[in-house]
Amino acid sequence: AEAVQGIRIATGAIPAAFAVIALLLIIAYRLDAARHAEIIDDLNERRMQNAVADRQGVSSDQVQIVEIGDGRNTMMRPIGEDHPPIITVFGQRGSGASDIAPMIAERLGVTYIPQAFSSDTLAQVDKKDLISDSSFNRWLRTVSLGSTQDADMAAASNLAANSKMARQNTRDVLDAVSDGGVMLGRNGALVLGPVVGTLHIKFIAPLNKRVERVMYKTGLSEAAAAEQCALEDRLREEMAHALYQWNPGRDEDYDLVINTGSMTYEQIVDLVVETYARKYPLHVRIIPNGKDQ
C-alpha cells in the first residue's frame with residue numbers, strides 16, 4: 001500500500017505541482033518576439049566580443065567602448081593602432097554582389113573574402129532534400145564540417161552542432177578581416193555588426209533584373225534562373241537562422257541597402273567607397289586606377 005501511494009504521488013501530485021509552478025513562471029516572464037530578438041542579438045554580440053578578446057589575450061570588457069550612436073562598441077584592434085577598412089556585403093542572388101564586392105576591395109586596397117558557399121555550390125542542392133529541418137541541418141553539417149550525422153540524431157545534437165559551427169564561423173570571420181577586407185556573406189553583418197570601422201551593405205534588385213543576370217551568367221532558362229534565385233535566397237536565410245537565429249534580409253542590420261538594378265556597378269562602388277571614407281576618414285586609403293590617393 002505504501003509503494004502504491006508513493007507511485008501515485010511521484011507520478012501524479014509532484015509533477016502536477018511542478019507543472020503549476022512552471023506555468024506561473026511562464027506567465028510572469030515576458031518573452032515575446034521582440035524580447036527574444038533582443039536576447040539573440042545580445043548572445044551573438046557577446047560571442048563575437050569573446051572571440052575578439054581571445055584573439056587579443058584580454059578580457060571581453062577591454063575590447064568594448066562606449067558606442068557613439070551607430071551601434072559600434074567593439075574594437076578589433078587597440079585604440080591608437082591602424083584600423084584597415086572592413087566592409088560586409090550581403091546580396092540577393094543576381095543582385096551583382098559577387099561582382100561588385102571584389103571591385104570595392106580593389107578600390108580600398110584590401111582583400112576580397114568570398115562567400116563560404118558559392119552560388120555554384122548551392123545550385124547543386126536538390127530542393128527536395130531540404131524540405132525538413134533535419135535534412136537541412138544534415139546537409140549544412142556535411143558541406144561545412146564533413147560530418148556524417150545519423151538521420152535520427154536528436155534535435156539537441158543538431159543545436160549543439162549548429163552552435164559549434166557558429167562559433168567556428170565567428171572565429172573564421174574575425175581571422176579573415178584581421179587586416180581589413182570586403183567580405184561577401186558569411187553572416188558578416190551580424191558577426192561584425194558592433195565592430196568599430198565596419199560598414200555593412202545589402203544589395204537588392206528587381207526579380208526580373210536578377211533573373212536576367214543569372215540567365216546571362218549561367219545559360220539557364222528564365223524559369224530555371226528564377227527558381228535558382230528563390231532557392232539560393234531561401235538557403236542563405238536558413239543557414240543564417242540555423243547558426244545565429246538571424247534573418248540576413250532584415251534591412252535594419254545594414255548601413256546601406258542599394259538597388260543595383262538602377263545603377264551601374266561602377267556607380268555603386270563609388271557610392272560605397274565614398275560612404276566609407278566619410279564615415280571613417282582616418283581608416284581609408286582609396287586606390288583609383290591602381291594609384292594611391
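The values are calculated or read from the model by the stated rules, or taken from the named source; none is laboratory data. As the structure is a computational prediction, the values presented were derived from the model and not from experiment. Note that each Cβ is placed from the backbone with ideal geometry, even for glycine, and that neighbours are counted across all protein chains shown.
Across region 140-188, what is the total count of residues that are at pLDDT 70 or above, in a helix (DSSP H, G or I) and of a type in the set (A, V, I, L, M)?
Looking only at region 140-188, we keep the residues that are at pLDDT 70 or above, and these are 163-188.
Restricting the remaining residues to those that are in a helix (DSSP H, G or I) gives 163-176, 188.
The next check asks that each one be of a type in the set (A, V, I, L, M); those that pass are 165-166, 173-174, 176.
Counting residues in region 140-188 that are at pLDDT 70 or above, in a helix (DSSP H, G or I) and of a type in the set (A, V, I, L, M) gives 5.
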Practice task
Kindly indicate whether any position in region 189-203 is out of contact with any His (no Cβ under 6 Å at 6 or more places or on another chain), at pLDDT 85 or above and over 23 Å from Gln49 (Cα atoms).
Solution key: yes
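Quick one: is Met183 under 14 Å from the mean Cα position of the chain (by Cα), surrounded by 14 or more Cβ atoms within 10 Å (Cβ to Cβ), among the aliphatic types (A, V, I, L, M) and under 20 Å from Gln92 (Cβ atoms)?
When the stated conditions are applied, Met183 passes them.
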Completion exercise
Residues of region 44-69 being without any contact (Cβ under 8 Å) to a residue 40 or more places away in the chain and under 26 Å from Leu256 (Cβ atoms), in sequence order, are Val63, Gln64, Val66, Ile68, Gly69
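Just to be sure, is Arg72 at pLDDT 85 or above, under 20 Å from Lys202 (Cβ atoms) and of a type in the set (D, E, K, R)? Steps first, please.
On the way: at pLDDT 85 or above: no; under 20 Å from Lys202 (Cβ atoms): yes; of a type in the set (D, E, K, R): yes.
Answer is no for this residue.
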Completion exercise
Residue hits (region 71-113; within 28 Å of Leu235 (Cβ to Cβ), assigned to a loop (DSSP other than H, G, I, E, B) and not charged (D, E, K, R)) are Gly71, Gln92, Gly94, Ser95, Gly96, Val110, Thr111
Problem - Residue match in region 54-70 (condition: touching a strand residue (DSSP E or B) at 6+ places or on another chain (Cβ under 6 Å) and either in a loop (DSSP other than H, G, I, E, B) or not polar (S, T, N, Q) (or both)) - result: yes
Fill in the blank from the handout: Among Ile86, Ile68, the single one that is surrounded by 24 or more Cβ atoms within 10 Å (Cβ to Cβ), over 25 Å from Val211 (Cβ atoms) and either β-branched (Val, Ile, Thr) or in contact with a Gly (Cβ under 7 Å, 6 or more places away or on another chain) (or both) is Ile86
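Determine whether Lys202 is surrounded by 15 or more Cβ atoms within 10 Å (Cβ to Cβ), touching a Phe, Trp or Tyr at 6+ places or on another chain (Cβ under 7 Å) and under 30 Å from Ala277 (Cβ atoms).
Details: surrounded by 15 or more Cβ atoms within 10 Å (Cβ to Cβ): yes; touching a Phe, Trp or Tyr at 6+ places or on another chain (Cβ under 7 Å): yes; under 30 Å from Ala277 (Cβ atoms): yes.
Against the criterion (surrounded by 15 or more Cβ atoms within 10 Å (Cβ to Cβ), touching a Phe, Trp or Tyr at 6+ places or on another chain (Cβ under 7 Å) and under 30 Å from Ala277 (Cβ atoms)), Lys202 qualifies.
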Fill in the blank from the handout: Within region 92-137, of all residues that are surrounded by fewer than 22 Cβ atoms within 10 Å (Cβ to Cβ), more than 19 Å from Gly197 (Cα to Cα) and of a type in the set (Ser, Thr, Tyr), the one modelled with the highest pLDDT is Ser98
Practice task
Being touching a helix residue (DSSP H, G or I) at 6+ places or on another chain (Cβ under 6 Å), over 16 Å from Ala176 (Cβ atoms) and hydrophobic (A, V, I, L, M, F, W, C) is the filter here, so list the residues in region 76-115 that pass it.
Solution key: Ile100, Met103
Handout entry: Matching residues in region 232-263 - criterion: being among the charged types (D, E, K, R), within 18 Å of His36 (Cβ to Cβ) and assigned to a loop (DSSP other than H, G, I, E, B)
Key = Arg250
